[in-house]
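K.L.:
Provided herewith is a single structure, encoded as structure tokens, for subsequent inquiry.
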Amino acid sequence: MKKLFTLLMLIICIINVKAYENDYFKLDVPEGYKEEISENIYKWSKDNQYVSITIGNNPESYNIKNYTDEDLKRQKDYLENLYSNSLKEYNMTIDISDMTRDSINSYSILKYGVYWPSKDLTGYDIYQRGAVYTTKNYIYTILLSDDKEISEEDFNKILQSFELKDEDFTFSNKLIPIILIGGAILGVIGYFIDRKKKRA
């Protein structure tokens, strides 16, 4: 009976996700999500939920392993200012939370949460969890977005399935500067602009 239950659970898990793979990464995407790819931004969405991955070059070999507590604070302040300045015309102030360094699948990552009080504009608030990875050649940003709070467990499931196809650092003596998480910012701001045009 136990074996039958385990087999059923495995079948359900296989049905509920599909693997996406390219030259840069591999990711398990929930079933039923629509794929949108443009340049170095990969996005899968369903209703008010989406998963996105942005890939940028890392010519300076920046490495999150070298991030200090002061770097985390500067990163948080920088992102809050960047988002807020970009959204001035919408009279919206976003909140960046839980800016921490973590390790998953042997990679050092920068994790954070974002809350967008966007109910007046979109009809719902936006909750996001993000992670930034640095490898020898690239900076990857993965973002999970929803209209309700995202649990750490759900976020970690996505991160566990995220496999990078670039080399990790063997050594690095450079501190990582502020990382511009452009794909995530442009994606959400573009959404607001599009929504505003449709209402007009």
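K.L.:
Look through Glu60, Glu70, Glu89, Glu80 and report the one residue that is of a type outside the set (A, V, I, L, M, F, W, C) and part of a loop (DSSP other than H, G, I, E, B).
P.N.:
Glu60
K.L.:
When you scan the stretch 116-128, do you find a residue that is at pLDDT below 80 and either in a loop (DSSP other than H, G, I, E, B) or open to solvent by less than 10 Å² (accessible area, probe 1.4 Å) (or both), even just one?
P.N.:
No, the stretch 116-128 contains no residue that is at pLDDT below 80 and either in a loop (DSSP other than H, G, I, E, B) or open to solvent by less than 10 Å² (accessible area, probe 1.4 Å) (or both).
K.L.:
Does the stretch 47-71 hold any residues that are more than 17 Å from the chain's Cα centre (by Cα), farther than 21 Å from Asp28 by Cα and of a type outside the set (Ser, Thr, Tyr), and which are they?
P.N.:
Hits for the stretch 47-71 are Asn58, Pro59, Glu60, Asn63, Lys65, Asn66, Asp69, Glu70, Asp71.
Let's see how each residue does on (1) farther than 16 Å from Tyr24 by Cβ; (2) at pLDDT 90 or above; (3) in a strand (DSSP E or B); (4) open to solvent by less than 50 Å² (accessible area, probe 1.4 Å):
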site: Leu110; (1), (2), (3), (4): yes, yes, yes, yes
site: Ala131; (1), (2), (3), (4): no, yes, yes, yes
site: Lys136; (1), (2), (3), (4): no, no, no, no
site: Lys148; (1), (2), (3), (4): yes, yes, no, no
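K.L.:
For the structure I just gave you, tell me whether Ile109 is within 27 Å of Asn63 (Cα to Cα), among the hydrophobic types (A, V, I, L, M, F, W, C) and touching a Phe, Trp or Tyr at 6+ places or on another chain (Cβ under 6 Å). Spell out the reasoning first.
P.N.:
Working: within 27 Å of Asn63 (Cα to Cα): yes; among the hydrophobic types (A, V, I, L, M, F, W, C): yes; touching a Phe, Trp or Tyr at 6+ places or on another chain (Cβ under 6 Å): yes.
Yes, satisfied.
K.L.:
Ser106 is checked against (1) under 25 Å from Leu27 (Cβ atoms); (2) open to solvent by 10 Å² or more (accessible area, probe 1.4 Å); (3) without any contact (Cβ under 8 Å) to a residue 60 or more places away in the chain and fails just one. What number does that condition carry?
P.N.:
(3)
K.L.:
Being aromatic (Phe, Trp, Tyr) and closer than 27 Å to Lys157 by Cα is the requirement here; does Tyr90 meet it?
P.N.:
Taking the combined requirement at face value, the residue does not satisfy it.
K.L.:
Consider Asn81 against the criteria (1) surrounded by 12 or more Cβ atoms within 10 Å (Cβ to Cβ); (2) modelled with pLDDT under 85: it satisfies all of them except one. Which criterion is unmet?
P.N.:
(1)
K.L.:
Do any residues in the stretch 53-77 that are on the phi > 0 side of the Ramachandran plot and surrounded by 19 or more Cβ atoms within 10 Å (Cβ to Cβ) have Cβ atoms under 8 Å from those of residues that are aromatic (Phe, Trp, Tyr) and part of a helix (DSSP H, G or I), where the two are at least six apart or on different chains, and which pairs are they?
P.N.:
Here the result reads none, with nothing in the stretch 53-77 linked to a residue that is aromatic (Phe, Trp, Tyr) and part of a helix (DSSP H, G or I).
K.L.:
Considering only residues that are modelled with pLDDT of 90 or more, part of a loop (DSSP other than H, G, I, E, B) and open to solvent by 40 Å² or more (accessible area, probe 1.4 Å), look in the stretch 19-42 and name the one that is nearest to Leu144 (Cα to Cα).
P.N.:
That would be Gly32.
The values are calculated or read from the model by the stated rules, or taken from the named source; none is laboratory data. Just so it is clear, the model here is predicted, and its values are computed rather than measured. Ideal geometry is used to build each Cβ from the backbone, glycine not excepted, and the neighbour counts take in all protein chains shown. Note: areas computed on protein heavy atoms with side chains; ligands, DNA, RNA excluded. Shrake-Rupley method; radii C 1.70, N 1.55, O 1.52, S 1.80 Å.
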